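Working notes for the structure below.
The values are calculated or read from the model by the stated rules, or taken from the named source; none is laboratory data. Model, not experiment: these values are computed from the prediction. Glycine also receives a Cβ, built like all others from the backbone with ideal geometry; neighbour counts cover every protein chain displayed.
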Amino acid sequence: MLGTGAAIGAGLVSGRQALAQQATITGAGATFPNPVYQKWAEAGRAATGIAVNYQSVGSGAGINQIRNRTVDFGATDAPLTAQQLTEGNLLQFPSVMGSLVAIVNIPGIENEQLKLTGELLADIYLGKITRWNDTRIVELNRGLTLPNLAIAPAYRADGSGTTFVWVSYLSAVSEEFKNRVGVGTSVRWPAGTGARGNEGVAGTVRNIRGAIGYVENAYAITNRLVTTQLRNKAGNFVRPTHDSFIAAASNADWTVPGFAASLIDQHGATSWPIVSPTFILLPTNPTDADRSRNVMRFFDWAFKNGAALAQELEYIPLPNQVHDAIRGAWRNQIKVNGQPVWTA
């Protein structure tokens, strides 16, 4: 039987062991997946003993921080090229899929009432359509009363993977937009007002009459914003629902380098036209094997246990075979002194 002093000593040792088992990993980047990353971090901490400090600062900042090794992982919605990954000694893998929606603030217009096309969205952001009672919008929306109100486009002011996905879609459906604005995480917008983060665009649209913007669907849900229907590649107007997101996601080709599958404007009668994976960036030559392994442990837990949490926010989990391919990439590409960091 232990004496009092021995018992206290044993308790201190046990406490130190418990503390030693706690770990913190840091990440930064895309605002697009921030809601699900925060949910996963909250739910996974007790199960894994890993605390996740994720800063939702935009894809551009996340890429810069992981390149500079000031965080343990970066996050981006705009995938890096094979050359960029090689130059940065980085591994890229998808974590989840999400969808972008158009959000509007038009008096008298309720959620999912307004119909828009990609071509109309492109012309709005090109500054060619400037009022909500424009004849092209009215003709699509017979039965709705659209006011003689100025359209106030909102866009991301920071380097943004959400912007990359949005302009990829607009460039796919509008040759003029592609030629005048193009595709990138930061572009020169012909019209509108900038705001930082998905949160900033959501707030701008909520506060300005006549505004239109683009956000990840979870932000529209949590902020109770008014979304629109969009015409898809098949010519059908679809609502932003989980079923329409899954319909688009089912076409993903994950065999491309860096898992950089494109889900923009996919075929399918019920497909939502703006769905995209979001990506994690990890050093292939980590200086701290334990921290790198803990990042992988966290996402391994999320892949196994986080699907329901993702779906609650209307994100789309990756197929199990993609999870397996990602774990294979961890084993094969992330090494310290020639030895794999991930051996599970």
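Only one residue in A41, A28, A20 is at pLDDT 95 or above, farther than 20 Å from G159 by Cα and either in a loop (DSSP other than H, G, I, E, B) or small (G, A, S) (or both). Which one?
Of the residues listed, the single one that is at pLDDT 95 or above, farther than 20 Å from G159 by Cα and either in a loop (DSSP other than H, G, I, E, B) or small (G, A, S) (or both) is A41.
Within the bounds of the stretch 277-290, is there any residue that is closer than 25 Å to E112 by Cβ and either aromatic (F, W, Y) or modelled with pLDDT of 95 or more (or both)?
Looking through the stretch 277-290, at least one residue is closer than 25 Å to E112 by Cβ and either aromatic (F, W, Y) or modelled with pLDDT of 95 or more (or both).
Answer yes if at least one residue in the stretch 221-241 is surrounded by 22 or more Cβ atoms within 10 Å (Cβ to Cβ), part of a helix (DSSP H, G or I) and in the same structural domain as Q113 (by TED's automatic domain parsing), and no otherwise.
No, the stretch 221-241 contains no residue that is surrounded by 22 or more Cβ atoms within 10 Å (Cβ to Cβ), part of a helix (DSSP H, G or I) and in the same structural domain as Q113 (by TED's automatic domain parsing).
In the stretch 44-79, which residue that is among the aliphatic types (A, V, I, L, M) and assigned to a helix (DSSP H, G or I) is surrounded by the fewest Cβ atoms within 10 Å (Cβ to Cβ)?
A46
Please enumerate the residues belonging to the stretch 217-240 that are at pLDDT below 95 and more than 19 Å from S160 (Cβ to Cβ).
I221, R224
Quick one: would you say T343 is more than 20 Å from P33 (Cβ to Cβ) and either modelled with pLDDT of 95 or more or surrounded by fewer than 21 Cβ atoms within 10 Å (Cβ to Cβ) (or both)?
Yes: the conditions hold for T343.
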